[in-house]
Amino acid sequence: MMQETIAVARVSVPPTRAGPLRRSFAVALCLSLSFTTTTVAQTVNQRTDSLVVASVQRADSGRKAADSAAPPASPAALPAWFNLIAVNAFVSSAYQYNSNRPATGTSSYRVFDYNDNSFNLDVAEVVVQIAASKPNDAGFRLDIAGGNSIPQVSKSQDQTVAQFDLQQVFASYIAPLGSGLRFDVGKYVTHLGYEVIEGYDGYNDNYSRSILFGYAIPFTHTGVKASYAFTSKVAGMVEVVNGWDLVHDNNHSKSVGAQITLTPVAPLSVLLNWIGGPELANDNHTKRNVFDLVATLKPTSSLTLGVNGDYGSEDGTSRVNPGSDAKWKGIAGYATLALTNKFSVALRGETLHDDGGVRLGTDTKAILSEGTFTPAYKFTDHVVLRAELRYDKANQPILARQATLSNKQTTAGVNFIVAY
């Protein structure tokens, strides 16, 4: 504390002025008055000084006592909700080489890993959230993603910024009804598919994404969904959204989605997904429907098996048979084996039949298949290094090879992940 400085006022007595008296008397009187005045002035000054000093000492003493009695000032307390905020991060970077050496530098029919012979910052993501976990809880989640690969593809169709994406922005509330009826409102990743876009709370066992992930289903939705766990083995979700990968709807109709989650026994989970509605711009009648099945089985602690199946159709949009419905179907199988607590290998095989020539954009009946092998080494729970070898094959030459086309494509790459 800063100490105050108090100036002590000293009173001075004005000098005596003599009047017209006799000299001797005047001298005597002057001497007498001078002595008396000096004595009185000194006495007055001493008493005044004593009183002022005593007053100052008492004041200082009172201040010191008050200061010592007052508790030290404490910083303003943070609101209680501030302690509930969780912040996480995810970074993925990679190098990939395509033996076809496409003249465009772009591998064909790849979702995120499309740059040939290039080091890539696939994504750098920060997630800020307050998780809602029980009835009457409210929360939110914000996923901010940047990079030269994933955000450019996963961003909404009506978003113009290329290397930045608000991948998820939604608010949550769990209503106190039964086990808790959860509502999420905003933009969130789709409920369809075995694979995910990737983030700190979940990344795929393979580096590259499946053909089904990229061409059979959507990435994100903007709208509202309600989720409810009926029992420990059965849960459900319904949603009303703007459509596929749109923040602003491109027509006046909404799409509806649903999910049923079944866990009949602990090692097995089955998800039945659907989404349907008009998806074409300025068209409220041409409906697109996709049915999606995801099943995961973990027979042992080190082995995980998975399967993903999709069937889709869209009214009257076939490019193979104009006027007919466009149809596509595919299946993918997965196996991941943990050889040690740090080293694992993952296999994936799949095929997609684009009967309407719409999803792959070939205007012909196309079949595209692939097989992928991904060994991974986990240095810590937060740091993963993995390699990948992938072979794609089509029923016709639709895969870029130098300045021409081929029906085959082989790629090899390495991927580095940091997640917190």
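Just to verify a result, which residue in region 396-411, among those that are out of contact with any Lys or Arg (no Cβ under 8 Å at 6 or more places or on another chain) and modelled with pLDDT of 95 or more, is farthest from L121 (Cα to Cα)? The selected residue is Q396. Taking the criterion of being charged (D, E, K, R) and under 13 Å from the mean Cα position of the chain (by Cα), the residues of region 122-159 that qualify are E125, R141, D143. In region 395-404 there is no residue that is touching a helix residue (DSSP H, G or I) at 6+ places or on another chain (Cβ under 8 Å), in contact (Cβ under 8 Å) with a residue 24 or more places away in the chain and open to solvent by 30 Å² or more (accessible area, probe 1.4 Å).
Against the definition (farther than 12 Å from H191 by Cα and either open to solvent by 40 Å² or more (accessible area, probe 1.4 Å) or in a strand (DSSP E or B) (or both)), how does S313 come out, yes or no? For S313, the condition - farther than 12 Å from H191 by Cα and either open to solvent by 40 Å² or more (accessible area, probe 1.4 Å) or in a strand (DSSP E or B) (or both) - is met.
For region 165-214, name all the residues that are polar (S, T, N, Q) and surrounded by 18 or more Cβ atoms within 10 Å (Cβ to Cβ). Correct list: Q167, Q168, S172, T190, N204, N206, S208, S210.
Number of residues in region 363-374 that are open to solvent by 30 Å² or more (accessible area, probe 1.4 Å) and more than 16 Å from N308 (Cβ to Cβ): the value is 5. I'd like to check something: does region 193-213 contain any residue that is in contact with a Ser or Thr (Cβ under 7 Å, 6 or more places away or on another chain) and farther than 28 Å from D392 by Cα? Among the residues of region 193-213, not one is in contact with a Ser or Thr (Cβ under 7 Å, 6 or more places away or on another chain) and farther than 28 Å from D392 by Cα, which makes the answer no.
Consider region 276-295. How many of its residues are within 20 Å of R348 (Cβ to Cβ) and open to solvent by 40 Å² or more (accessible area, probe 1.4 Å)?
If we filter region 276-295 for residues that are within 20 Å of R348 (Cβ to Cβ), which is where we start, we get 292-295.
After this cut, where a residue has to be open to solvent by 40 Å² or more (accessible area, probe 1.4 Å) as well, the list is 293.
Within region 276-295, residues that are within 20 Å of R348 (Cβ to Cβ) and open to solvent by 40 Å² or more (accessible area, probe 1.4 Å) number 1.
From the residues in region 246-271 that are among the hydroxyl-bearing types (S, T, Y) and closer than 30 Å to D158 by Cβ, which one is surrounded by the fewest Cβ atoms within 10 Å (Cβ to Cβ)? Ranking the candidates gives S253 first. Whenever a residue of region 214-235 is without any contact (Cβ under 8 Å) to a residue 60 or more places away in the chain and at negative phi, its partners that are of a type in the set (F, W, Y) and in a strand (DSSP E or B), lying with C-beta atoms within less than 6 angstrom and at least six residues away or across chains, give the pairs A226/F183. Entry remark, region 129-164: residues being aliphatic (A, V, I, L, M) and open to solvent by 30 Å² or more (accessible area, probe 1.4 Å) number 7 in total. When both residues are 6+ apart or on different chains and their Cβ atoms are under 8 Å apart, which pairs have a first residue that lies in region 84-104 and is touching a residue at least 60 places away in the same chain (Cβ under 8 Å) and closer than 13 Å to R401 by Cα, and a second that is of a type in the set (K, R) and open to solvent by 30 Å² or more (accessible area, probe 1.4 Å)? If the second residue must be of a type in the set (K, R) and open to solvent by 30 Å² or more (accessible area, probe 1.4 Å), the pairs left are N100/R401; N100/K408; R101/R401; P102/R401.
The number of residues in region 166-208 that are out of contact with any Asp or Glu (no Cβ under 6 Å at 6 or more places or on another chain) and assigned to a loop (DSSP other than H, G, I, E, B) comes to 18. Across region 273-285, not a single residue is classified as closer than 30 Å to V414 by Cα and touching a Lys or Arg at 6+ places or on another chain (Cβ under 9 Å).
Considering only region 173-199, state which residues are over 30 Å from R359 (Cα atoms) and of a type outside the set (A, V, I, L, M). Working first, answer last.
Of all residues in region 173-199, those over 30 Å from R359 (Cα atoms) come to 173-183.
Result: Y173, P176, G178, S179, G180, R182, F183.
The values are calculated or read from the model by the stated rules, or taken from the named source; none is laboratory data. This one's a predicted model, so the numbers in the text were calculated from it and none came from an experiment. Note that each Cβ is placed from the backbone with ideal geometry, even for glycine, and that neighbours are counted across all protein chains shown. With ligands, DNA and RNA removed, areas are computed over all heavy atoms of the protein, side chains included. Shrake-Rupley method; radii C 1.70, N 1.55, O 1.52, S 1.80 Å.
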